[in-house]
1. How much net charge surrounds residue 93 when only other residues with a Cβ under 12 Å from its Cβ are counted (Lys, Arg +1; Asp, Glu -1)?
2. Between residue 122 and residue 70, what is 0.36 nm times their sequence separation minus the Cα-Cα distance? Round to one decimal in nm.
3. If we sort 14-27, 37-50 on the protection proxy, mean other Cβ atoms within 10 Å, highest first, what's the order?
4. As an exercise, identify the trypsin sites (Lys or Arg not before Pro) in region 56-85 lying in DSSP coil whose Cβ has no more than 13 other Cβ atoms within 10 Å.
Amino acid sequence: ARADRHANRKHEPHSGGVPEPPSFLKGEAKRFWSKVVPMLTTMGIAESIDFAELAGLCQAWANWRKEQTDYDKGSGHIYRVSCAWKAFQSLASNYGFSPADRAKLATQKPDEPDEFDKLMSAMNRRN
């Protein structure tokens, strides 16, 4: 990971809050939301402002599951399964669904001082 790109997320704007599932999510998409979004919120990756993209993520998961189930029953096509999976992966990567994605999302703990904070602290001790 390039240190100059994601080194300090401390000063990014945050909406805070827990995202609420949109009312249009049904079935598998709603179940996926209930299972995954609380984890993402606890990890500090998802906030209330992310609700639309999270809804898309959950719907992409549900679409993939449907296509995979249809294919397993012999009534689907592998191309549709593959496209649905790629759509899911594209959104999932934004939320750290793989070890490589999580490494890119490394967040700083709120109480952990960054290099600037350490420098300022050292300068204040000298004065």
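Here, each number is a calculation from the coordinates, and none is a lab measurement. All of these numbers come straight from a predicted model, not from anything done at the bench. Neighbour counts run over all protein chains shown; Cβ positions are idealised from the backbone, glycine included.
1. Numbers: positive: 86, 102, 104; negative: 53, 101.
That sum, taken over residues with Cβ under 12 Å, equals +1.
2. Gain on stretching residue 122 to residue 70: 12.5 nm.
3. Order by mean packing, descending: 37-50, 14-27.
4. Values: sites: 65, 66, 73, 80; in loops: 73.
Sparse-neighbourhood loop trypsin sites (Lys or Arg not before Pro): 73.
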